[in-house]
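Participant: Take this structure first; my questions come after.
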Amino acid sequence: MPVISSGTLEIDYSDEGHGPPVVLIHSSVSGNRQWRSLTDSLTDRYRVLAPNLYGYGGTTPWPDVAPQSLFAQAQIVLAVCEGLGEPVHLVGHSFGGQVALKAATLLGPRVGRMVLFEPNPIYLLKQEGRTAAYLEARDLRDYVKCFGALGDWERVAERFADYWIGDGAWAAMPEKRRAAFADYLPPNFHEWDAAMDEQTTVAQLQALNCPTLVVSDPSTRRPIREIVEILEEACPQWSFRSLAAGGHMAPLTQPDVINPIVRSFLDG
């Protein structure tokens, strides 16, 4: 894959197809590999770029010297967008959804359309007084931080998988898949700082002037449900779509459903 170098930061990303540019931003514990199917479904009409965020693939890991910020993660997106001379579409899933939101505030009118799958800007829960939902997310953060600091990533992986994929997901996971899942978890240790310490306000998101689609499962975890409620109330100009039984990981588990939704919205 091509690599962008900026100081000590190296960003690896995929770049396929021709046409209006679309940047795909992956979720935690994944990497840009999660977009293989979506990329294949878009490249006949779009130029599709999919960066790896800090610590995934060949992209430089986040240094331990400071808390991670969404601004820093968004710089990866901005670096990939550099030189693209027309409006850029953004697609983000989960943590990638909040990176997309931050990048959109920085790119401004350069953003064409944006698709967000179960975005998790947890900081909005605290800002908007959604205390119970915020504390639920913070409990998971504390678990990841505690046992991640001890290097017990298998223990973290079980809790993380059961929370985001669904109860019993870890027990049902083949051993080889468990090992790969645990191996991809360390970057998440730092992502919690970005997810919970961000100061972007609802008013700033409301001011985004790009057609935006938010897709979520109405039975998803409480923090995501309440984040979607906040966005629905604050941004009535956006489009919102419920995907019954899709689950938080629908972009990976149901590409036959998700890919046409993305294609249709980008085609506009």
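Participant: Once every Cα of the stretch 18-141 carries one equal point scatterer and solvent is ignored, give the base-10 log of I(q)/I(0) from the Debye formula at q = 0.11, 0.13, 0.16 Å⁻¹, two decimals.
Facilitator: -0.39, -0.54, -0.80
Participant: Right, next: Stretched out fully, how many nm does the piece from residue 267 to residue 143 gain, at 0.36 nm a residue minus the Cα gap?
Facilitator: 40.5 nm
Participant: Right, another one. Explain nothing, just the number: relative contact order of the chain, from Cα pairs under 8 Å at least 6 residues apart, as a whole percent.
Facilitator: Rounded, it is 20 percent for the chain.
Participant: Which percent, nearest 5, of DSSP beta bridges in the chain are antiparallel?
Facilitator: 30 percent
Participant: In terms of the Cα gyration tensor, with a ≥ b ≥ c the square roots of its eigenvalues, is the stretch 9-54 rounded because a/c is under 1.5, prolate because a/b exceeds b/c, or oblate?
Facilitator: Taking the square roots of the gyration eigenvalues as a ≥ b ≥ c, the stretch 9-54 is oblate.
Participant: Run the reach check for residue 102 against lysines, Cα to Cα strictly under 20 Å, same-chain hits fewer than 8 apart removed. What comes back?
Facilitator: Answer for residue 102, where 20 Å is the Cα cut-off: 126, listed by chain and number.
Participant: Tell me, what is the 1.4 Å probe accessible area of residue 126, in Å² to the nearest 10?
Facilitator: Using a 1.4 Å probe on the heavy atoms, I get roughly 140 Å².
Participant: Oh, and also: Among 239, 227, 160, flag the residue with its Cα farthest along the positive direction of the charge dipole of the chain, charges on Cβ as +1 for Lys/Arg and -1 for Asp/Glu.
Facilitator: Checking the options against the dipole of the chain, the answer is 239.
Participant: Could you please state how large a percent of the accessible area of the stretch 98-249 is carbon and sulfur, counting protein chains only and using a 1.4 Å probe?
Facilitator: It is 48 percent, rounded to a whole number.
Participant: Compute the Cα gyration tensor for the stretch 175-268, then decide on rounded, prolate or oblate, letting a ≥ b ≥ c be the square roots of its eigenvalues: rounded whenever a/c is under 1.5, prolate when a/b is larger than b/c in the other cases, and oblate in all that remain.
Facilitator: Cα axes put the stretch 175-268 in the oblate bin.
Participant: What are the ³J(HN,Hα) values, in whole Hz, obtained from phi via the Karplus relation 6.51 cos²θ - 1.76 cosθ + 1.60 with θ = phi - 60°, for each residue of the stretch 173-186 in sequence order, with x given for Gly and Pro?
Facilitator: 7, x, 4, 5, 5, 4, 4, 5, 4, 5, 5, 8, 7, x
Participant: Find the accessible area per residue for the stretch 149-268; the probe is 1.4 Å, ligands and nucleic acids are left out, and the unit is Å².
Facilitator: 49 Å²
Participant: Quick one: accessible area per residue over the stretch 32-141, 1.4 Å probe, rounded to a whole number of Å²?
Facilitator: On a per-residue basis, the stretch 32-141 sits at 36 Å².
Participant: Express in whole angstrom the spacing between the alpha-carbon centres of the stretch 171-235 and the stretch 1-52.
Facilitator: If you average the Cα positions of each part, the centres end up 19 Å apart.
Participant: Once the other residues with Cβ under 10 Å from the Cβ of residue 14 are scored (Lys, Arg +1; Asp, Glu -1), what is the net sum?
Facilitator: -1
Participant: For the stretch 150-166, what does the Karplus curve 6.51 cos²θ - 1.76 cosθ + 1.60, with θ = phi - 60°, yield as ³J(HN,Hα) per residue in whole Hz, taken in order and with x for Gly and Pro?
Facilitator: With coefficients 6.51, -1.76 and 1.60, one gets 8, x, 8, 6, 5, 5, 4, 4, 4, 5, 5, 5, 5, 6, 8, 8, x Hz.
Participant: Hey, another quick one. Report the net charge of residues surrounding residue 256, where surrounding means a beta-carbon distance below 15 angstrom and charges are Lys +1, Arg +1, Asp -1, Glu -1.
Facilitator: The answer is +1.
Participant: Within 13 Å, Cβ to Cβ, of residue 222, how many net charges do the neighbouring residues add up to if Lys/Arg are +1 and Asp/Glu are -1?
Facilitator: Overall, the nearby charge balance is -2.
Participant: Continuing with this model, one more query. For the chain, what is the calculated [θ] at 222 nm in deg cm²/dmol (nearest 500), taking -39500 (n - 2.57) for each run of four or more DSSP H residues and dividing by its residue count?
Facilitator: Per the formula, -14000 deg cm²/dmol.
The values are calculated or read from the model by the stated rules, or taken from the named source; none is laboratory data. The structure displayed is predicted, hence computed values, not measured ones. Methodologically, a virtual Cβ is constructed for each residue, glycine included, from the backbone with ideal geometry; neighbour enumeration extends over all protein chains shown. These area figures cover heavy atoms from the full protein model, side chains too; ligands, DNA and RNA do not enter into them. Shrake-Rupley method; radii C 1.70, N 1.55, O 1.52, S 1.80 Å.
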